[in-house]
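Read the structure below first, then the notes.
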Amino acid sequence: QWLSDRKKRALQKKDVDIRRRIELIQDFEMPTVSTKIKVSRDGQYIMAVGTYKPRVRCFDTYQLSQKFERCLDSEVVTFEILSDDYSKIVFLQCGRFVEFHSQHGHYYKTRIPKFGRDFSYHYPSCDLYFVGASSEVYRLNLEQGRFLNSLQTEASESNVCDINPVHFLFAMGTAEGKVECWDPRTRNRVGLLDCALSTVTADTEIEGLPSISALKFDGALNMAVGTSTGQVLLYDLRSSNPLIVKDHHYGLPIKSIQFQHQLDLIISADSRIIKMWNKDTGKIFTSMEPEHDINDVCLYPNSGMLMTANEAPKMNIYYIPVLGPAPKWCSFLDNLTEELEENPESTVYDDYKFVTRKDLENLGLAHLIGSSLLRAYMHGFFMDIRLYHKAKMMANPFAYEEYRREKIRQKIEETRAQRVQLKKLPKVNKELALKLIEEEGEEQQFSKKRKQKNLPSLLKDDRFKVMFENPDFQVDEQSEEFRLLNPLVSKISEKRKRKLKILEELEAQGLEEEEEPEGKASDAESSESSDDEKGWVEEVRKQRKLLRQEEKLKRQERLKEDQQTLLKPQFFEIKEGEEFRSFKDSAKKQKLMKKTLEDRLKLEEKLGTLNVSDTTVGSKQATFKLKKSEQQRKQQEAEKRHRQERKTLRRSASHLKSRRGRGRLFH
C-alpha cells in the first residue's frame, strides 16, 4: 500500500513473486462501490451491480474478463437472474421501478405502488413477490403481464423475503422481528414466527426491538434468519423455537446468509465480518474481516470460492480449499495451493521491524523520524530489518552473548525444576513470602482438623508469580505508606492467629463453634478488640511522629548543604545607552513605557528623579517642565470664573429660602 502504481509496475518486471500473483478475472471491480453480486445457475456468468453511476457488469468466467456493462437510471436495491444464463434479469430499483433486461439489453420497465426492499421469484406460477415499505406483498405475474391481488399481512413494513426451493413456501421478514409464512397456492398465511423474543438469551445483550434483515431456506425444513442486532437463528419449520442462536457480537445487521453443504456450515456476514460456523454445534470454523465494509456475499456453487461486494471499488475473491475444490474455470488454483503449502513463503512484514519512539531513542535513530527509512504506523514505525540489526549491533555489540547466557541460565533452571525441590524463599519479597508460607501452614493444619478443602496458594498462582520474580515489585519497607499501614497489617495478622488458637481450643474441648470459651464473656472479647484498636492508633501516631522527625532532619541537611554551597557571580550585559540602577527598576520601567510621555515626566518629577543632571558615568540628563499654551490658560481661567459664579448663585438661593421660611413662621 506504500507503493505507487508506477513502482508496482517496475517491481513486476524485477520481482518474480509479484509476477506470479494472479488476477482471476480481469478488472473485477466497480467505479466506486459494489452493492450486490450473484452467479448464474450455469456457473458461467458472475453479475454485480454498483455505483457510481448506477450500472450492472457481467463477467464471463470462461473468458476471465468482462462481457458487458449496462448503465441504469437509478440505484439497484437487489436483482435476480431468472434464466440459466444472463438472458433474463429483473432489477428492483430504489425509485420504485422494476426493470426487466433481456439478452440484448433493456426490455421493459414498470412501477410498484410502494418502495421495495426485496423480491423473490415463484417458478411454478411465474409470479414475482415484492416486499417493502408497506403491509402488502405485491404480486406481478410475468406470464399474463399484469399485477395480481396483493397479500395483506399484519406487518407495518417488510425487509426481506425468500421462497423455499423444494415446496415453494413463501416467507417474509418484518420490521417487528417476525417471520410470516404464506402458501402461494391458497394465498393464506400458514405460520408466524416471533424471532425477536428468541434472540434474547443469557449471553446476548440487545438494545431495542430487533427486525429481520436476512432470510434463507435450506432444503425442505431448515430456515436461517438474520436480525438487525447481529444474531443468526436457525429454525426447523416444524418448531417455533430456534435450534441454535449465533451472535456476531458486533451489533450490526446481518447482510447475507449462505449454506455450505459439504461441511454442514452456515456462512453469515454483517458489514464487518464473515463467520463460518457449524449449523449443528455452532462452533466457529473460521472468520474473515475484509479491509472495507461488506455489502453482499456470494458462494460459488459446489466449490470453496467466496465473492464479496464491498464499500470499495475492488470486489474480493476468496478461495478456501477446505470448503471444496476450485471451480473448473480456475482449476489451476488447486495446484497452486498445494505448492504454497509445500513451500511456505515469508510475508511482507518479515522484511520489516516495528519499533516505537522509545526503541528508536535507545538505538540512537531518533533523527530518522520523518525520513523515508521509517514508515509511521499506529504508535510506532516500520523500518527495514537489516537496518534494525545493524543499529542493534552498534548500540549493544554484546547483546548476543547476553542473550546466550540468559538462555543457558533458563535451561539450567528448567532442569533444576525437575529435581526434588526444597522449600526456598524467592529472591524478591522474601519477608512477604515467608509470612504467606506461615499463614498457609496454619490454615492447612486447621482445615485438616475440620476436614475442609485447602485454598490455592498465592506463591503458586501464576497471576502473582511476577511479584516474587521481578525486582520492580519489591516492597519498600522504608516508604511512608508501608510504615503507616504496617501496624494495621500486623494487628490483623495477630487477630487471625488469636482466632485460630481459640478455634483450636474449641475443637479440642468438643464444643460448637458458636459457643463462647469458658471463663471468657463477650464483653471481655469486645474490650480486648477496643484495646487492640487503641494499640494500633498509638502505633500509627508513633510512626507519623517518626516520619515528621525524619522530614525535619532532611530539611536541616538541605539547608546546611545550601549554606555550604558557594554561589558563583552571574554577569549581565547592559544595552548601549542605558544606565544601570537596580534589578527592581526593570519592572517599573516596563510599566512606565506603557504610559504617555507627560504622565512619565509627572511621575518622575514627584519621585525626584528629574533633579539628577549629572552622573558619575558622565551621562547628561536634561530637565524641563511643560508650559501651558495661551489657549489652555484662557480656558482654565474661564472654567475657574464659571465655578465661582455658580458658588455665589447657590449661596444666594439658600439665603432666600431661609428668609421665606422665617417669614411664614412669624405670619
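Remarks
- Among 86-95, 357-366, the peptide with the highest mean count of other Cβ atoms within 10 Å heads the list, and the full ranking is 86-95, 357-366.
- Its residue count N fixes a reference of 2.2 N^0.38 Å for the stretch 23-342, and the Cα radius of gyration divided by that reference is 0.98.
- Between the beta carbons of M593 and E573, assuming R0 = 22 Å, the FRET efficiency works out to 0.65 to the nearest 0.05.
- Sequence-distant contacts, meaning Cα pairs under 8 Å at least 6 residues apart, place the relative contact order of the stretch 352-395 at 51 percent.
- 5 Å binning of all Cα-Cα separations within the stretch 352-395, expressed as whole percents from 0 upward: 6, 25, 40, 24, 4, 0
- Shown for the stretch 23-342: the carbon plus sulfur share of the solvent-accessible area, taken with all protein chains present and a 1.4 angstrom probe, equals 47%.
- Label-point separation in nm, S479 to H292, each point 7 Å along Cα→Cβ: 5.3 nm
- Entry comment: accessible area of the stretch 352-395 is 71 Å² per residue, from protein heavy atoms only and a probe of 1.4 Å.
- Of the cross-linked pairs K283/K314; K53/K109; K246/K275; K407/K427; K358/K411, those separated by over 21 Å at the C-alpha level are K283/K314; K358/K411.
- In order along the stretch 271-279, phi translates into HN-Hα couplings of 5, 10, 9, 10, 10, 10, 9, 6, 6 Hz, rounded to whole numbers, per the Karplus curve 6.51 cos²θ - 1.76 cosθ + 1.60 with θ = phi - 60° and x for Gly and Pro.
- Measuring r between the beta carbons of F68 and L263 and using R0 = 25 Å, the FRET efficiency lands at 0.10.
- Tail fraction, Cα-Cα pairs, the stretch 253-311, threshold 18 Å, whole percent: 28 percent
- A crude spin-label estimate for the pair R6 and E561, with each label 7 Å from Cα along the Cβ direction, gives 6.3 nm.
- Theoretical FRET efficiency, 1/(1+(r/R0)^6), r = Cβ-Cβ of E431 and T281, R0 56 Å, to 0.05: 0.60
The values are calculated or read from the model by the stated rules, or taken from the named source; none is laboratory data. The structure displayed is predicted, hence computed values, not measured ones. Positions of Cβ are generated from backbone atoms using ideal geometry, with glycine treated the same way; all protein chains shown enter the neighbour counts. Just the protein is used for accessible areas: all its heavy atoms, side chains included, with ligands, DNA and RNA removed. Shrake-Rupley method; radii C 1.70, N 1.55, O 1.52, S 1.80 Å.
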